[in-house]
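If you scroll down you'll find the structure; I have some questions about it.
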Amino acid sequence: PSPTIMGGHGGGRMRIGWVGVGVMGRHMAGHLMAAGHELSVFSRTASKCAPLVEAGARLASSPMDAAYGADAVFTMVGAPSDVEQVTLGGGGVLEALEPGSLLIDCTTSTPSLAQRVAAAAAGKGVLALDAPVSGGDVGAEAASLSIMCGGSDEAMGGSGYLLDLLGSRVLHMGRAGAG
C-alpha cells in the first residue's frame, strides 16, 4: 500500500486523478493543485480542463487514464449513472487504481451505488469513500464545502487531509453509502 495514503499525508506531494471538471469540480481540483499535488484531469468536454491544464495539470484521455499511477482519484460528475460509468464501467478508474490507493466520489449519488463502488474497490484493495458535498459553486471556489463521508475508518483517515483542502466541514457519517 502507498505510505502516502495508508500512513497519512505526511505533507508529501500526491498524484491525484480528477474526473469531472464542471463548475464545482474545476475549483475543487484547483485547490488540490494549489496545495502542491500533481493532477491528471478528465472531463467529457476536454475544454473544461483548459484552466487546470494551463496551471500544470495533465489532460487525461479517459477516466482510466486519469487514474493511472494515482495515489487517489476524485470523481465529481453529474449523476449516479455517470458515477457508475466512470468508476465501474469499461475504461473506468477502478481498472487503473492500484491496491492501497483511494477513490473518493464527491457526486451526489445513491447509497446502493456507493456500496457497489466500495465493494468493487475493496475487491481490488482500493479504499473508497462516498463524499457528496454541499455548498455549491461558491463553496467549491472558497473551499468552504460541507462534505458528508461514507466509508471505512481507514478510507476516512487516508482522505482527511485532502478533504480538508476542499471544505470547512468534513463529517464521517458511517460506512459506505452513508455519505
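Residue by residue through segment 126-178, note down the ones that are within 23 Å of residue 95 (Cβ to Cβ) and in contact (Cβ under 8 Å) with a residue 40 or more places away in the chain.
Correct list: 127, 128, 129, 130, 131, 154, 155, 158, 159, 162, 176, 177.
Looking for something farther than 20 Å from residue 179 by Cβ and either open to solvent by 60 Å² or more (accessible area, probe 1.4 Å) or among the hydroxyl-bearing types (Ser, Thr, Tyr) (or both) - is there at least one such residue anywhere in segment 66-80?
The answer is yes; a qualifying residue exists.
Of all residues in segment 97-131, how many are open to solvent by 10 Å² or more (accessible area, probe 1.4 Å), closer than 20 Å to residue 66 by Cβ and not in a helix (DSSP H, G or I)?
Going through segment 97-131 one residue at a time, the tally reaches 9.
Looking only at segment 153-168, how many residues end up being surrounded by 15 or more Cβ atoms within 10 Å (Cβ to Cβ) and either in contact with a Lys or Arg (Cβ under 7 Å, 6 or more places away or on another chain) or in a strand (DSSP E or B) (or both)?
1
Ok, one more. Any idea which of 48, 124 is modelled with pLDDT of 95 or more, farther than 23 Å from residue 156 by Cβ and basic (Lys, Arg)?
Going through 48, 124 in turn, just one is modelled with pLDDT of 95 or more, farther than 23 Å from residue 156 by Cβ and basic (Lys, Arg): 48.
From the residues in segment 134-148 that are surrounded by 24 or more Cβ atoms within 10 Å (Cβ to Cβ) and part of a strand (DSSP E or B), which one is nearest to the chain's Cα centre (by Cα)? Give the derivation first.
Here is the first cut: in segment 134-148, the residues surrounded by 24 or more Cβ atoms within 10 Å (Cβ to Cβ) are 140, 145, 147.
Still in the running and part of a strand (DSSP E or B): 145, 147.
On the way: 145: 14, 147: 12 Å.
Only one residue tops the list, namely 147.
Then there is this: Being within 21 Å of residue 133 (Cα to Cα), hydrophobic (A, V, I, L, M, F, W, C) and either at pLDDT 95 or above or in contact with a strand residue (DSSP E or B) (Cβ under 9 Å, 6 or more places away or on another chain) (or both): is that true of residue 57 here?
no
The values are calculated or read from the model by the stated rules, or taken from the named source; none is laboratory data. Being a predicted model, the structure only gives us computed values, none of them experimental. FYI the Cβ positions are ideal-geometry reconstructions off the backbone, even for glycines, and counts take in every protein chain you see. Accessible surface is based on the protein model in full, side chains and every heavy atom, while ligands, DNA and RNA are left aside. Shrake-Rupley method; radii C 1.70, N 1.55, O 1.52, S 1.80 Å.
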